[in-house]
1. Between helix 70-86 and the chain, what is the angle of the helix's C-alpha long axis to the longest principal axis, kept within 0 to 90° and rounded to the nearest 10?
2. Obtain the nm distance between the two label points defined at Glu318 and Asn263 by a simple spin-label model: each point lies 7 Å from its Cα along the Cα-to-C-beta direction.
3. Under the rule of at least 5 residues apart or a separate chain, name every residue whose amide H is placed under 5 Å from the amide H of Ile238.
4. Cα centroid distance between region 202-258 and region 83-150, in Å?
5. I need the phi-derived Karplus couplings for region 276-287: 6.51 cos²θ - 1.76 cosθ + 1.60, θ = phi - 60°, integer Hz, Gly and Pro marked x.
6. For region 300-350, which GluC sites (Glu not before Pro) are both in a DSSP coil and crowded by at most 15 other Cβ atoms within 10 Å?
7. Using the Karplus equation 6.51 cos²θ - 1.76 cosθ + 1.60 (θ = phi - 60°), what ³J(HN,Hα) coupling, rounded to whole Hz, does each residue of region 87-93 give in order, writing x for Gly and Pro?
8. With runs of 4+ DSSP H residues as the only contributors, calculate the mean residue ellipticity of the chain at 222 nm using -39,500 (n - 2.57) per run, divided by the residue total and rounded to the nearest 500.
Amino acid sequence: MVASVKDSEHLMDQPVRMEESPDPPFEKTYKNLFNGLTGGAPLPKNLLELSAVEECELPLIDLSQLNLGDSERQTCKKQISRASREWGFFQVINHGISLDVLEKLREEQVKLFKKPFNEKINYKDLNFSAGSYRWGTPSATSLKQLSWSEAFHVSLSDVLGTGGLDSLSSIMEQFAVMVSELSQQLVDILAEEMGQKSGFFKETCLPNTCYLRLNRYPRCPIYPQMFGIMPHTDSDFITVLHQDHIGGLQLVKDGKWFTVKPNQEALIINIGDLFQAWSNNVYKSVEHRVVANPLSDRFSIAYFFCPSYETVIKSGEEPCVYRSFSFGEYRKQVQEDVKILGHKIGLPRFLVRSH
């Protein structure tokens, strides 16, 4: 149930004790966005629609089939390809990353995010690069552009080879090695199913170009139907996601939003923009979002399989839907659009224009 305007104003006027609270000061920083709701004004339409979303179960693929006979192996590969074409999302079990590693990573992740906000914005305990901690949406000009979340966005090269300086860096390194191998295996299969050679990904997607993102979506007591992260597509080849039991991930299928049913034993895989362009629209980069929870925090960790900025994305199929472009050019265009428009345009910017 949405809190009253009076309750909201009371919460927003409370002093933010940053030295103690782990929560970013959303209410204080974005108070001007919430002020538009005073005086009994209704919630924006996009905030009211989020709760009336039907639940779905993503295609579930057992990767242990890849280690069986040729028939089972080929069936598994076809399942991966079909899900990537029809859904742009699927989930995998027996993926080679032990549940023990995932549980330990979640424990360390929770400890990290429980640190005071003021400590997180200056976090230097690991080899995290400056600016790795992010929260909210700096460019937001309306509530529909505000993401009620915080994250540590870390280059894989900052995680690998740390020598286990502490328990967090140690478990992050273990996870990074495993999720990198899994990602490489999946993109190789997807390339093979298109009749393409997989060497392209081994050469271009290196540790210093791939990223881990530790996410926390704090409970949102003011407006439960806020976005944890606003609708978007991923600007990579594939993303590997491990989420908790809280749920909140939603995606578009056949023009309709669905809520993804959580499965803690599975990892979620989704196709990114670069793979859609590289495959000439065979594999789908699907719009998705996270809805904030009014009662509980939600935690997830995402791995983004990215190439170097110099890598040119070009389809081997004709006629090409998209013109060739470098990843650096793509990232620059996305950043410009977000800065100017408040949201990403993405692949439509790179369509081949018919004459």
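1. Result, in degrees: 50.
2. Taking the simple label geometry, Glu318 and Asn263 are separated by 4.1 nm.
3. When sequence neighbours closer than 5 places are left aside, the close amide H contacts are Gly272, Phe305.
4. Distance between centres, Cα-based: 9 Å.
5. Listing the rounded values in order: 4, 5, 4, 8, 6, 6, 5, 9, 9, 8, 9, 5 Hz.
6. Answer in residue order: Glu310, Glu317.
7. Ordered by residue, 3J(HN,Hα) equals 10, x, 9, 7, 10, 10, 10 Hz.
8. -9500 deg cm²/dmol
Values in this text are rule-based calculations from the coordinates and carry no lab data. What you are looking at is a predicted structure, and each value in this text was computed from that prediction instead of being measured. We place every Cβ from the backbone using ideal geometry, glycine too, and count neighbours over all the protein chains shown.
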